[in-house]
1. Out of the DSSP beta bridges found with both residues in the chain, what percent are antiparallel (nearest 5)?
2. Amide H of Val169: which non-local residues (sequence gap of 5 or more, or other chain) have their own amide H closer than 5 Å, using H built in the peptide plane?
3. In sequence order, what are the phi-derived ³J(HN,Hα) couplings for region 431-440 according to the Karplus relation 6.51 cos²θ - 1.76 cosθ + 1.60 with θ = phi - 60°, rounded to whole Hz, with x for glycine and proline?
4. Given only helices, namely DSSP H runs of n ≥ 4 each adding -39500 (n - 2.57), what is the per-residue ellipticity at 222 nm of the chain, to the nearest 500 deg cm²/dmol?
5. Which values of log₁₀ I(q)/I(0), to two decimal places, follow from the Debye formula for region 193-281 at q = 0.25 Å⁻¹ with a uniform point scatterer at every Cα?
6. At a 1.4 Å probe radius, carbon and sulfur cover how many percent of the accessible area of region 107-174?
7. Taking the dipole about the Cα centre of the chain, with the C-beta of Lys and Arg at +1 and of Asp and Glu at -1, give me whichever of Cys138, Pro5, Ser27 is farthest to the positive side.
8. Counting Lys +1, Arg +1, Asp -1, Glu -1, what net charge surrounds Leu418 among other residues with beta carbon under 15 Å of its beta carbon?
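The values are calculated or read from the model by the stated rules, or taken from the named source; none is laboratory data. Remember, predicted model here, so these are calculated numbers, not experimental data. Methodologically, a virtual Cβ is constructed for each residue, glycine included, from the backbone with ideal geometry; neighbour enumeration extends over all protein chains shown. The accessibility values were calculated without ligands, DNA or RNA, using every heavy atom of the protein model including side chains. Shrake-Rupley method; radii C 1.70, N 1.55, O 1.52, S 1.80 Å.
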Amino acid sequence: MTDQPLWHGRFESAPADSLMAFTESLSFDKKLWRDDITASIAHVKGLAHSQIINETESAAIISALETVASEFASNKFEFVPTDEDIHTAIERRVTQIAGDVGAKLHTGRSRNDQVATAMRLWCKRELANIAKLTLDLCDVFTQRAAQAGWGSDGIYLPGYTHMQRAQPVLLAHHLAAHAWAMLRDVDRLTQTIERLDVSPLGAGALAGSSLPLDPDFVAKELGFAARFNNSLDAVSDRDFVAEALFDLALIGIHMSRVGEEWVLWTTQEFGFAVLDDAYSTGSSMLPQKKNADIAELARGKSGRLIGNLTGLLATLKGLPLSYNRDLQEDKEPLFDSVTQVARGLQALSGMISTAKFNTDAMKLAADSELLGATDLAEWLVTRGMPFREAHAHVGALVSRSIRENVSLTQLVVADPALGPDSASLLKPGVGVSRRITKGGSGPVPGAVQARELSAALTVMRTRVAALIIFPPTP
Ligand code: ARG
């Protein structure tokens, strides 16, 4: 049996080498060994539960499956050339160990429901782990925000729009913005996990079975929240992989945006942050260089994460019901995205938690008096001037200040509508405290936001903790 494929019965010649080379999935789906064995054990229990096999047979097959699991865990499992994928490899080995009774393992089951089951089990575990790692990065942002300070003495920097200095904002507020985005990523992952928590086992190749299988029983055994409703859908559905790839791509995009900022922040031109040596790299030729490679790759790898998503969507498009071998193409992008996002999240967490902020450089950039222009316009509004008029009035002073190279403060002091009282708005640090509205960047809403963020993190931690399954894939 080891030199023949599982489907040898109907065939007269052995599979061609080029066929095996092109269609095999073992080289990448061996990652699923644990989940395939878990699902197989549940399936065997199901067969016994439905009295399709007896308890002795069930015990013998389960014991062989457990032996196979320990072989994988200790790296002792040996593949043979006819092992087309992880499912055939495991079944082949079970039969070797258990003898004839092993041939009963695949009763009422197809690789179509088998692979869908293993993939869902794998996703439940791995996506929960990604959610945890994302939450860890949220924590890093939150802790660094707390260190930077939410109060009126907190560190501040210019906030930008269009990459132009706009208004001073608390560094805490800036860092927390990324935490909020990533909290949505975690929320999205938990929802994806909830939606994919459906067992396809028992769908068979496409139509169910003539044997008295009990899909509810195996779904429960496997800890799934529900069983499939439609066997054709069960074996053809890869929505959960597409959703997972979207969630991962969006995390990648968020990491990329963080990465871009840190590339800028660590330039000599910005000089807002200095990376720890352990989280930066040097140049092979230029001795003075210290590069933000983690930040750059956080940016760069988002390209392939988007590619993994669009690649799978293109594969799924136009596939007729039900299972088609095309679906095997779901694995490499998924495994790759999970690996890359997990590594990226950990590297970014390390980079950001160990970096030093150059608060003087941030302050210097944010103390530019032009960043108080909006405050001047709003001051005029409180004195009764319509905003559009106030905007034009201050705009003209800014323009004159730049043209004539005079300080804006000087012009404001001499201006009849503004005058010396309003000029104090341009003093260093004043603008930051003036953002008083809910969710705004000043210390007053900042105190509220710090509490809201910490509460949101606690809620999400609890949700993710409930989803964590051990052990993670080796
Ligand atoms: N390796 C296949 C996959 O990943 C397993 C299912 C193959 N099923 C089949 N009938 N050829 O999709």
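1. That works out to approximately 80 percent antiparallel.
2. Under 5 Å from the amide H of Val169: Leu157, Gly159.
3. Ordered by residue, 3J(HN,Hα) equals x, 4, 6, 7, 8, 9, 7, 3, x, x Hz.
4. Helix-only estimate at 222 nm: -19500 deg cm²/dmol.
5. The computed values of log10 I(q)/I(0) come out as -1.17.
6. It is 48 percent, rounded to a whole number.
7. Farthest along the dipole direction, towards plus: Cys138.
8. Values: positive: Arg383, Arg400, Lys427; negative: Glu369, Asp375, Glu378, Glu389, Asp415, Asp421.
Neighbour charge sum, excluding Leu418 itself: -3.
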